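> Below you'll find the structure I mean.
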Amino acid sequence: MSFSVVIKNELDLKSIVSEDISEVILGVKDLSRNHKLNLDEFYQLSHLAKSLGLKRVLSFDVLVSESKFEKLIGFFNAIDPSSYDFVRVQDLGVFNYLVNHSKGRFQLVLETSFHNIHSLRALVQRYRNFLDKIILSYELTKNQVIEYSEYLKTMHIRSELLCFGSILLFYTPRKLLSAQEIKEYALANSNESPHKGYEVIENEHGTFMYHLKDLLIYNELKEIEIDKRIDLSVKNNDQMKNFFTYIQSTNSEFVKNLSKKTTRGYFSVNKTDVLFPKLKNSRISRVDDSYIGRVLENKKGKFLAVKVEGTSIQLGQELKFINPEGKIINHTIQQMFDLSFENIDQAVKDDIFLLDSIKKITPQTKVYLN
């Protein structure tokens with residue numbers, strides 16, 4: 001069994017030297033999403049990895065905007081090529097540039113794309129001479145993983161799948177948290193479902209949102225000939241050594257003691273269609289009978305804003321609010337206001353009217369005549 005392991009520091013490296021590791025993934029903070037090393041620290045860690053007989057992969061996995069392209073390519077070109085054996089790239093534009101302007105073979109990260117064999121074949125046919133490995137999406141089913149990895153093997157290209165680590169749901173080069181005056185870390189909740197607590201992290205490369213659960217599919221991958229990646233790069237605690245102890249002993253205490261619950265994701269069955277009803281919260285699905293509209297905002301102690309999307313509404317009528325959690329709040333309109341906080345007697349379709357703030361009502365709450 002062969003593992004690819006993301007290494008953040010010397011402690012991580014020393015904790016895996018006795019394991020069956022095919023390569024280690026190292027990074028410089030300028031080119032990598034989660035690595036914190038400067039160039040000198042990277043060289044030191046790379047030299048140590050080589051002395052231990054490990055293949056070294058330089059991670060260049062940031063998405064590169066046009067304004068930063070020349071700067072980052074220049075930084076990459078300045079790195080000593082003897083400090084790595086392969087380059088791992090996420091951005092297809094960067095990958096295409098590198099295969100035309102530099103030497104060596106590359107590892108291409110396709111974790112958020114290429115969910116069908118046809119697109120994968122087309123890409124391989126064009127770039128096969130430059131590819132050492134393709135990192136497959138963890139949104140593929142077991143049968144797809146087997147099919148894709150076997151195809152890549154016939155092309156003499158290795159394949160890899162995340163075995164244990166955080167599931168990235170969303171990544172943008174934009175700085176979304178600092179725009180809201182939030183420093184580096186936040187928790188996001190869904191307006192349309194009960195799910196809450198998604199980790200949102202910002203750094204110099206943009207904003208990242210992670211799944212509520214970590215992916216753990218080691219047992220499912222044991223019999224498949226594919227590199228298995230361990231990626232704890234967004235973790236603050238040291239779980240590397242404990243993971244390898246777990247796979248040797250299959251002690252369930254390891255899973256119980258993890259800081260986050262785990263999931264097998266899409267591996268056993270593709271749940272793409274099954275998830276749609278969950279994403280479309282039935283509690284806030286519009287029902288046209290007596291439907292008035294939806295709550296846009298509830299400013300505590302100040303106002304509640306409602307957008308009229310159905311029938312008109314007027315002073316004195318009774319309303320029924322159904323919030324995303326399914327709670328029903330009844331309210332009789334004693335006062336209503338326009339956006340200038342002037343008293344009004346009615347509101348018609350496409351109007352936004354204001355009421356006094358009401359407890360337990362959140363945005364996306366549906367409003368009906370009672």
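Every read-out reported here was derived from the displayed coordinates using simple, explicitly stated rules and does not represent laboratory data. All values derive from a computational prediction rather than experimental measurement. All Cβ positions, glycine included, derive from the backbone under ideal geometry; neighbour counts span all protein chains shown.
> On average over all directions, what projected area in square nanometres does the chain have, based on the convex hull of its Cα atoms?
Averaging across all directions leaves 22.3 nm² for the Cα convex hull.
> Do any trypsin sites (Lys or Arg not before Pro) in segment 1-90 lie in a loop, going by DSSP, with at most 15 other beta-carbon atoms within 10 Å of their beta carbon, and if so which?
Sparse-neighbourhood loop trypsin sites (Lys or Arg not before Pro): 36.
> Could you work out which residue, out of 42, 76, 341, moves most in a Gaussian network model of the chain, that is, has the largest mean-square fluctuation with Cα springs under 10 Å?
Comparing 42, 76, 341 in a Gaussian network model of the chain, the most mobile one is 341.
> Another question about this same structure. Please state the charge dipole magnitude for the chain, taken about the Cα centre, from unit charges on C-beta atoms (+1 on K and R, -1 on D and E), reported in debye and rounded to the nearest 20.
Computed about the Cα centre, the dipole is about 480 debye.
> Now for a separate question. Please give the calculated 222 nm ellipticity per residue for the chain, where each DSSP H segment of at least 4 residues contributes -39500 (n - 2.57) and the sum is spread over every residue; nearest 500 deg cm²/dmol?
About -6500 deg cm²/dmol.
> Could you list, in their original order, any pairs among 299/327; 50/71; 133/222 whose Cα atoms are separated by more than 21 Å?
Table pairs above 21 Å Cα-Cα are 50/71.
> Consider just the alpha-carbon atoms of segment 282-369 and return their Rg together with their Dmax, both in angstrom.
11.6, 35
> Calculate the length of the line joining the C-alpha centroid of segment 24-83 to that of segment 334-370, in whole Å.
About 55 Å separates the Cα centre of segment 24-83 from the one of segment 334-370.
> What is the helix-to-structure angle for 66-78, meaning the angle in degrees between its Cα long axis and the longest Cα principal axis of the chain, kept from 0 to 90 and rounded to the nearest 10?
20
> Run the paramagnetic zone check for residue 312: 7 angstrom along Cα to Cβ, then residues of segment 348-370 with backbone nitrogen under 17 Å.
348-354, 369
> Calculate how steeply helix 117-127 sits against the longest principal axis of the alpha-carbon atoms of the chain, using the helix alpha-carbon long axis, and give the answer as 0 to 90 degrees to the nearest 10.
With rounding to tens, the tilt is 50 degrees.
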